[in-house]
Each structure stands twice: as structure tokens, then as C-alpha cells.
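The values are calculated or read from the model by the stated rules, or taken from the named source; none is laboratory data. It should be emphasised that the depicted structure is a prediction, and the values quoted were computed from it without experimental measurement. FYI the Cβ positions are ideal-geometry reconstructions off the backbone, even for glycines, and counts take in every protein chain you see. Please note that ligands, DNA and RNA were not included when accessible areas were found on the heavy atoms of the full protein model with its side chains. Shrake-Rupley method; radii C 1.70, N 1.55, O 1.52, S 1.80 Å.
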Amino acid sequence: MADGNSQRVESSPIGFAQILDEVTLQRARRGDANAFAAIYDRYGVACYNLALRILGEPSAAQDIVHDVFVRLITGLRGFRGDAPFGAWLKRMVTNATIDTLRGRQRFVDVEDEALSTFGAATDDAEDRVDAWSLLMRLPPRARAIVVLHEVEGYTHRELAEWFGQSESYSKSILARALAQLHGRVRGTVGGKDDDD
Amino acid sequence: MTMIESGKPQRFDASALPTFAPDPALRARILASHAKQQQSRRVRFAVGSGALAASLALVAVMLVHRGPTAPLAETASAAQVESRGLELEWQRAMHSGSAPVVTPRLRAIDAQLQSAYDRGADAREVSALWARRNAALRQLIQVSSEGIVAANDSGMTRL
């Protein structure tokens, strides 16, 4: 990472999909510090990367993870086990991250302009970027939609609820963002709707 | 990870996004927050439990000391008020502007009442004595209204 605070690690293919055993969960519910630490050790990296990919700022992502785990101390009692623990935790991180995005002024009403200028200044040297750099060049909301849909597997219906918009809006933003990322669109804002 | 193979972006591959480890200090920060919350939870629990225990103890003490006796105490108090009213009524019946006269029977009941109060007798006993006193006063009022006391007041003394 550019800030030097985060180290790149071997990608964990399962992340939030890891299973949390019932014993650890019950111990954590009772306030057992070791069990709580075990939960962090298992899901902390996934939580951090989800927030980081959307926010693009390590310190903000760490704040999100901290806040979510602090809320988890009491929130664990509310976990009924209807969904896997990882999915439940992922939703908590997503909610917190989107709340943070909402609090940022630049998140509002600048998507079209930002998307239209995406990649405009690129040259061959700048084209030598990786997926991370490309993602970070998207405006925040488009980045969030790409990450939540393409990486985390949320549907457009869920995205629409989170962002208070229609499914069409989510599909449109995603299509345009992916077009930019794929290098098929340069300096235009047109796009087609993608399916879930 | 790299998107470029020939100087131009190919396709964005979300699965190629790198995974970063958070600052190790974050773990310590989170666990410290956990420990702090657990400690404050324990303190809240202890304070809450203490307050609950104290409240229960207070209620228990009140029930033991006041529960069964409260109605009787109220009865005794009401009888005492009634007794004062009967005294005044008797005084009027005697047509006397001075202090009311007291019969030996009333004096005996008053002595018993005084004794009961002195030794902290329960409300049931006190209430019974007040009832006896009121009964005696009613009898005196009735007799007085029939002109009998005037003829036979040798056993009476003024209060």
C-alpha cells in the first residue's frame, strides 16, 4: 500500500466464508477474550479488505474494522445464526463502510463526472497498473458497487437498498464502471445494464 | 495481479485484487476495547446486582416490619381519633365546660394503653385497648344522657 501501514498478504480465497464453530461463538458471547481474538484472527483481514477496497484509505478501513468489532462485543448476542456468521459480519462491515461513504460529501452527485473522466489522463506508463490501482481510480460509489457486486457477491437488489436507489441505477453504475475498468470505454458515460 | 500484458489494460479481474493485512496494532486496539467493555460490563453488573439486592432487602425488611401490622396500626390510629371525638361528646353530654371526668374503668384502660405503648406492644393489642376505651366512652355517654351519671358520679374524677 502507498501509505506503508498495510502489508500485502497472500490472498485468502475464503475470507468471510470461513465457518465459525459454535464453541468459539458461545465463548465470545460470554465475553471470552481469547474467543473474541480468534474471531478477529479469522475474519479481521476480510473485514479490513472489504472496507479498504471501498474506501481506499487504510486508516479509515481500520476505523471501520475497529468499530465493527467493538459493536460485535454486544452484537454477538443478537446473532441468531439464521445466516452464516461470516455473512452476518460482512453485512455489518458493509453497512458501516457505506455509512462512512454517505458521510463524505464527494460521495454525492459526482459520479457521472468522475466516471466520465476515468482514465482520461492515462498513458502507456499509467496503463501499467494493476487491478487495485484501476479500482482506486473509480469514484467511491462506483467502487463500492463494483466491490460489493463483483467481489462480495451482493445482488443489485441489495445494492439498491443500501444506496437508496433503484436496481437500474445500481446496474447502470456497475456497467459503466466495469466498462471503464475493462478499458472498453474512454471518456464516455454511456453504458448498458448488467444483470445480477 | 498485473492487468497489463502488452501496455494496454485487458480486463479488470476482481479476483486479482490484492489482499492486505491491517496494521498489527489494530488487533491490540480491538482487544483492548473488548477488555474495557467487559470490565465496564462487570462493574455495571456488580452495581446493578448490588442495587437489586439492596432493594430486595429493603422491601423484605419493610414487609417484615410493616406488612402485616400496617392495617392494624391504621385501625388503632382511627380508634384513637374516634376516642377523642367520644371524649368531647361525653363532655358535652355532661354539660361541663371544664375538663372531662374520668371513671375508674377509663383510668384502668388508659393505664393499660400507656403500658402497652411503653413496652412497644403490637398494633393488635393497642387497637383492642382503644376499642375497649371507645366502648367505655360510649357507655358513659349513653348513661350520662339518661341522667344516671349525675346521680352516681362518686367513681369519677376530673381529668
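Note that the range A:34-48 has calculated 3J(HN,Hα) couplings of 5, 5, 5, 4, 5, 5, 5, 4, 7, 10, x, 5, 5, 4, 4 Hz, one per residue in order, obtained from phi through the Karplus relation 6.51 cos²θ - 1.76 cosθ + 1.60 (θ = phi - 60°); glycine and proline are x.
How large is the convex hull of the Cα atoms of the range A:15-102 per residue, expressed in Å³ as a whole number?
Working: hull volume 7.3 nm³, N = 88.
In the range A:15-102, the Cα convex hull volume per residue is 83 Å³.
Taken one residue at a time, the phi angles of the range A:151-156 give Karplus couplings (6.51, -1.76, 1.60, θ = phi - 60°) of 9, 8, x, 6, 8, 5 Hz. Gly and Pro are set to x. Applying the Karplus relation 6.51 cos²θ - 1.76 cosθ + 1.60 with θ = phi - 60° to the range B:102-112 yields 3J(HN,Hα) values of 10, 7, x, 5, 4, 4, 5, 5, 4, 5, 5 Hz, where x marks Gly and Pro.
Mean partner shielding of peptide B:35-45, defined as the number of other chain Cβ atoms within 10 Å of each residue Cβ, is 2. Taking a quarter of the surface of the Cα convex hull of the range B:22-67 gives a mean projected area of 3.0 nm². Close amide H contacts of B:VAL102 (hydrogens built in the peptide plane, cut-off under 5 Å, sequence separation of 5 or more or a different chain): B:THR157, B:ARG158, B:LEU159. Sorting A:73-82, A:90-99 by their mean Cβ neighbour count within 10 Å, with the most densely packed peptide first, gives A:90-99, A:73-82. Computed with a 1.4 Å probe on the full set of protein chains, the accessible area for A:TRP132 sits at about 30 Å². A simple spin-label model places the labels of B:LEU58 and B:ARG107 4.9 nm from each other, with each point 7 Å out along Cα-to-Cβ.
Residue by residue along A:42-50, Cβ atoms of other protein chains within 10 Å of the local Cβ number 3 on average. Counting only protein heavy atoms and using a 1.4 Å probe, the accessible area of B:GLU74 comes to about 130 Å². Amide H contacts under 5 Å for A:HIS182: B:PHE12, restricted to partners 5 or more places along the chain or on a different chain, H placed in the peptide plane at 1.01 Å from N. Less than 5 angstrom separates the built amide H of B:THR19 from those of A:VAL9, A:SER11, all sequence-distant by 5 or more or on a different chain. A simple packing score, the average count of other Cβ atoms within 10 Å per residue, orders the peptides A:45-53, A:169-177, B:111-119 as A:45-53, A:169-177, B:111-119, with the highest score first.
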